[in-house]
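Presented below is the structure to which this report refers.
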Amino acid sequence: MSIAIQNLSKTYSTQQALDGISFTTKSNHIIGFLGPNGAGKSTTMKILAGILPFQSGECRINNINIRSDALEAKKNLGYLPENNPLYLDMYVREILAFEAKIHHLKNPDERIKEVIQRTGLAAEQQKKVHQLSKGYRQRVGLALAIIHDPQVLILDEPTSGLDPIQILEIRSLIKALSKDKTVLLSTHIMQDVEALCEEIVILDKGNIQDYFVISEKELQYL
């Protein structure tokens, strides 16, 4: 297993955002995390990323408890939030070097070069982030998420707002990354599910409505 959630609950004031949800994913799969706005998807992802506290339950990343061993769990995790916050006045290579320093990488220059090639940023690496298209900013976000070579990636709406060509390029990159990583992917785009996902978790009103390994028949049902 790569992601394991057991009886996870989260409340904002009087609003129950998550009501004791549980699911466990396989390793090196792309898991589609589906549901309407307000279902609790982003809340779950932020909890897994160690950004939000939670009231009760247990979350594990590669069998590491994120509450009792948060730092070790984060070493195994890469996170791309929906809004993809970036330092717009930094150069692409500069922002990657900054992230590599945070993670105390032993060979940062070598790893930065590898990540730039893998995410297709070679031609853009000397540009400032604000000079990039949204598609290339998403690539920078993905590069930051994988710089420390985590085993699990959490991607919140990674293709939202992109043009058709950019969507295809980001899908291809996510597919390539999943060969040696588990990817939890939140999306409203059913074509993303069809093109990428091997497992599906459906969340609604803070509850798991369904979980299954996807097949052609089930995809037609969706």
**Asked** HN-Hα J couplings of region 163-178 from phi, Karplus 6.51/-1.76/1.60, θ = phi - 60°, integer Hz, Gly and Pro as x?
**Response** 7, x, 5, 4, 4, 4, 5, 5, 4, 4, 5, 4, 4, 5, 5, 6
**Message:** I'm checking a number: the convex hull volume of the Cα atoms of the chain, normalised per residue, in Å³. What is it?
**Reply:** 119
**Asked** Tell me which lysines have Cα within less than 17 Å of Lys205's Cα, excluding those fewer than 8 residues away on the same chain?
**Response** Lys10, Lys41, Lys46
**Prompt:** Any idea how far the Cα center of region 140-194 sits from the one of region 9-85, in Å?
**Reply:** 17
**9 Å beta-carbon shell around Pro150, net charge (K/R +1, D/E -1)** = +2
**Sequence of Thr159, Thr43 once ranked by neighbouring C-beta atoms within 10 Å, starting from the fewest** = Thr43, Thr159
**Request:** Can you tell me the alpha carbon radius of gyration of region 95-192 divided by the globular rule-of-thumb value 2.2 N^0.38 Å?
**Result:** 1.05
**Fill in**
Proxy exposure order for Leu168, Leu162, Leu144 (fewest C-beta within 10 Å first) is Leu168, Leu162, Leu144
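Rounded to two decimals, what ratio of Rg to Rh does region 1-125 give with C-alpha atoms and a Kirkwood Rh?
With Rg and the Kirkwood Rh in hand, the quotient comes to 1.02.
Kirkwood hydrodynamic radius (Cα pairs, Å) of region 86-149?
One decimal place: 11.3 Å for the Kirkwood radius.
Each reported figure results from applying straightforward, stated rules to the coordinates on display, with no laboratory input. Because the structure is predicted, anything quoted here is derived from the model rather than measured. Methodologically, a virtual Cβ is constructed for each residue, glycine included, from the backbone with ideal geometry; neighbour enumeration extends over all protein chains shown.
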